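Please treat every number below as a calculation from the coordinates, not as lab data. The model shown is predicted, which means the values in this text are computed figures rather than measured ones. For neighbour counting, all protein chains shown are included, and Cβ atoms are generated from backbone atoms with ideal geometry for every residue, glycine included.
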Amino acid sequence: MAVTNNAMLIRRDLLTHFIKLLIEDNLADVDRIPLEMRPKNESSIRCCIYKDRAVLKYKLMGMLGFSSRDEVDELIPLSDYARKAFNGEVQSDKILTVVDEACSSCLKINYMVSNMCRGCVGRPCMVNCPKEAIKIVDGKAKIDHNICVNCGQCMKVCPFHAIVYIPIPCEEACPVNAISRDEDGVEYIDSSKCIYCGKCLSACPFGAIVEKSHLVDIFRTKKSGKPLVALVAPALAGQFGGDLGRIIHSFKMLGFSQVYEVAYGAEETARLEAEELKESLNAGEKFLTSSCCPSYTMLVDKHLQELKPFVSKTATPMHYSAVKARELFPDACTVFVSPCSAKKREAMDDANVDYVLSFEEYGAWLVAAGIDLNNIESETISEPPIAEAREFAISGGVTNALRVALNSSNLNDTQVNGIDKTSIRLLKSFVKNPEANYVEVMCCEGGCVGGCNVITNPKVATRQIKNGKK
Amino acid sequence: MSKFNLYNTEMEKKVEVLVCYGTLCHLMGGSDLQLLGELLPLDLQGKVDLKGAPCLNFCNEVDNGKPPFAVVNGRKIEQATVKKLIQEIRVELEKK
Ligand code: FES
């Protein structure tokens, strides 16, 4: 999860405004949201309030599933797009999009000589630059950015720390180089590389990356009278005050007819994966990795094919619980409540999951509906899943559940806690030298409690899940 | 420090901090305030009476400022962060 910052708060505020209109069934007023959020007499964040409003408009378009690049006529009001989205007329598979108007604010160069440069005699920057991109102009080093290849040598050798590195936060956060600048200098996400971890979404200080929302679809279904079932991911138990009974009750207040805990699916995943592990080790395989994090399985599919034979074939807790929910409530629409964007992508390929609601969207919905979780009843959970199943959301939790299912304490395991460039290298090395015979891989540090859409601080959420099991 | 002084400090009234745990405040950045207790600097420990509360009803009025809200010795603090609250606690302690 991201450090709390204003870009994130603006997104949540935007969601709350939007959901209020959905509750009132008044999407025609959606054009007012940018005006309400940036009223005339307030100071602007960007150059002027008009720019601020335009950015908000395009962010809303992104949430509705439209890319600002698709806009043919700037005079088409947001309400037109909203109506189209509400009627189910957009079929966009783009889950993450870059809002052009908000982006392009990052410098296009990575290294710059600051005025701390003393123009020294040694000039190690100039001497060590492999491309001879540095010259001394007016007694100071100067990088020729047409030649510079961003190797960073000059920064390393400067005795005065006069050369600064200017990162591009989204590119730096992406573990698989899926985001880069196009000809216009605007970031573009390559969906053939993207693993939907949402790290760019959290990293962009301009909030320029927007996640498509299923809110309109959920409200359309609700309006049609079709019952809604919330499939509640284990990580949700650690959000807000950590009272799952209240969270479950709140879904009923929001208009869901049933709530089904995904932890039941996690029990199934643990059971099946334990069997699979036994079998594959008996068959002489070197090791097995977990498969419940969709960002990780997408990473393997798109970037680490050599690891594919070692990834568990067992489906995710979301899948098993959705199958079960379909069986129990065949006429209902299933909505998975999710900590991250990757689950949205996974759900697109799973016929048993109709829509996904992120933790953030859920929180904004509560606020829009005027519900304070502290002041509502707590529903008693009559047949709670085993405690280990709820801990799937915490790094190490899957392994623990497996240990219980295997009934063995000497499982030789290791964990990859967070996917980044270093851990990708480590994963690759396992093909030749596996460190363990079971590898649990979580894309987000700390597990799903650290997903890009969580609200509660992961440390607190972890504690709350652990306390909740008692 | 004499024994007498030691008793005296312990009798001192603690700074009362009420953090809003309401859903709106929690969503709008307040979730980090749950860490205030463990992030209190050593010299402030034992001097603060920290409580969480349901919605403090500040969020209904724009004039109250922006969430998340907290109350330090009766004073409303808007856009509360752990750092800001620690500062405000120090302000209160210095008043004495
Ligand atoms: S939720 Fe904090 S003041 Fe209302």
Inset, instruction - Could you work out how far apart the two model spin labels at A:ASN146 and A:SER192 are, taking each label as a point 7 Å from the Cα in the direction of the beta carbon, and quote it in nm? - result: 3.2
Legend entry - Proxy reagent accessibility, fewest Cβ within 10 Å first, across A:HIS303, A:HIS145: A:HIS145, A:HIS303
Inset, instruction - Give the distance, in whole Å, between the Cα centre of region A:67-123 and the Cα centre of region A:246-268. - result: 36
Inset, instruction - Give the long-range amide H neighbours of A:LEU357: residues separated by 5 or more places, or on another chain, with amide H under 5 Å away, using H modelled in the peptide plane at 1.01 Å from N. - result: A:PHE336, A:VAL337, A:SER338
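Sort A:THR462, A:THR456 by Cβ crowding within 10 Å, fewest neighbours at the top.
Numbers: A:THR462 22, A:THR456 27.
Neighbour counts put them in this order, fewest first: A:THR462, A:THR456.
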Legend entry - Inter-chain shielding of A:374-384 (mean C-beta neighbours from other protein chains, 10 Å cut-off): 1
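Stretched out fully, how many nm does the piece from A:SER429 to A:SER104 gain, at 0.36 nm a residue minus the Cα gap? Mind showing how you got there, number by number?
Details: separation 325, 0.36 × 325 = 117.00 nm, distance 3.67 nm.
Net length gain for the segment: 113.3 nm.
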Legend entry - Listed residues A:TYR264, A:ILE455, B:ILE89: farthest to the positive end of the dipole of the protein assembly as shown (Cβ charges): B:ILE89
Legend entry - Partnerless cysteines, meaning none of the other Cys C-beta atoms lie under 4.7 Å away, in chain B: B:CYS55, B:CYS59
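Can you tell me which of A:74-81, B:76-83 comes out highest on packing, and rank the rest after it, using the mean Cβ neighbours within 10 Å?
Answer by packing, highest mean first, reads B:76-83, A:74-81.
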Inset, instruction - For region A:106-233, build the charge dipole from Cβ charges (+1 Lys, Arg; -1 Asp, Glu) around the Cα centre, then report which of A:PHE160, A:VAL229, A:GLY185 sits farthest towards its positive end. - result: A:VAL229
Inset, instruction - Return the single residue from B:LEU42, B:LEU56, B:LEU85 with maximal mean-square fluctuation; model: Gaussian network over chain B, springs between Cα atoms under 10 Å. - result: B:LEU42
Inset, instruction - For region A:369-387 and region B:18-45, write down the distance between their C-alpha centroids in whole Å. - result: 22
Inset, instruction - Tell me what chain A gives for mean residue ellipticity at 222 nm when only DSSP H runs of n ≥ 4 count, each as -39,500 (n - 2.57), the sum divided by the residue total, rounded to 500 deg cm²/dmol. - result: -11500 deg cm²/dmol
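What does the charge dipole of region A:249-353 about its Cα centre add up to, to the nearest 20 debye, if the Cβ of each Lys and Arg holds +1 and the Cβ of each Asp and Glu holds -1?
Result for region A:249-353 is approximately 300 debye, rounded to the nearest 20.
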Legend entry - Estimated distance in nm for a label pair at A:LYS313 and A:LYS252, the labels positioned 7 Å out from Cα along Cα-to-Cβ: 4.2
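In the neighborhood of B:HIS26, defined by Cβ-to-Cβ distances under 10 Å, what is the net charge if each Lys or Arg adds +1 and each Asp or Glu adds -1?
On the way: positive: none; negative: A:ASP372, B:ASP32.
Overall, the nearby charge balance is -2.
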Inset, instruction - Just subtract the alpha-carbon distance of A:SER408 and A:ASP182 from 0.36 nm times their residue separation and send over the number in nm, one decimal. - result: 76.1 nm
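Assuming 0.36 nm per residue, please report the length gained on full extension of the stretch A:SER224 to A:THR422 beyond their Cα-Cα distance.
Details: separation 198, 0.36 × 198 = 71.28 nm, distance 4.84 nm.
Length gained between A:SER224 and A:THR422: 66.4 nm.
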Inset, instruction - Quick one: compute the contact order of region A:217-466, relative version, from alpha carbon pairs under 8 angstrom and 6+ residues apart, as a percent. - result: 30
Inset, instruction - Based on other C-beta atoms within 10 Å, arrange A:CYS204, A:CYS120 from fewest to most. - result: A:CYS120, A:CYS204
Inset, instruction - First obtain the Kirkwood hydrodynamic radius of the protein assembly as shown from its Cα pairs, then insert it into the Stokes-Einstein equation at 25 °C and 0.890 mPa s, and state the resulting D in µm² per second as a whole number. - result: 95
Inset, instruction - With only Lys, Arg, Asp and Glu charged, each at its Cβ (+1 for the first two, -1 for the last two), find how big the charge dipole of the protein assembly as shown is about the Cα centre; round to the nearest 20 debye. - result: 1580
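Which FRET efficiency value, to the nearest 0.05, do you get for A:MET37 and A:LYS84 by plugging their Cβ-Cβ distance into 1/(1 + (r/R0)^6) with R0 = 30 Å? Walk me through the intermediate numbers first.
Details: r = 22 Å, r/R0 = 0.75.
For R0 = 30 Å, the calculated efficiency reads 0.85.
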Legend entry - region A:217-466 - Debye-derived log10 I(q)/I(0), Cα point model, q = 0.08 Å⁻¹: -0.30
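How shielded is B:66-75 by partner chains, expressed as the average number of their Cβ atoms within 10 Å of its Cβ atoms?
On the way: counts 2, 3, 2, 0, 0, 0, 0, 0, 0, 0.
Counting other chains' Cβ atoms within 10 Å and averaging over B:66-75 gives 1.
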Inset, instruction - Could you tell me whether region A:250-320 comes out rounded, prolate or oblate from its Cα gyration tensor? Rule is a ≥ b ≥ c as square roots of the eigenvalues, rounded for a/c under 1.5, then prolate if a/b exceeds b/c, otherwise oblate. - result: oblate
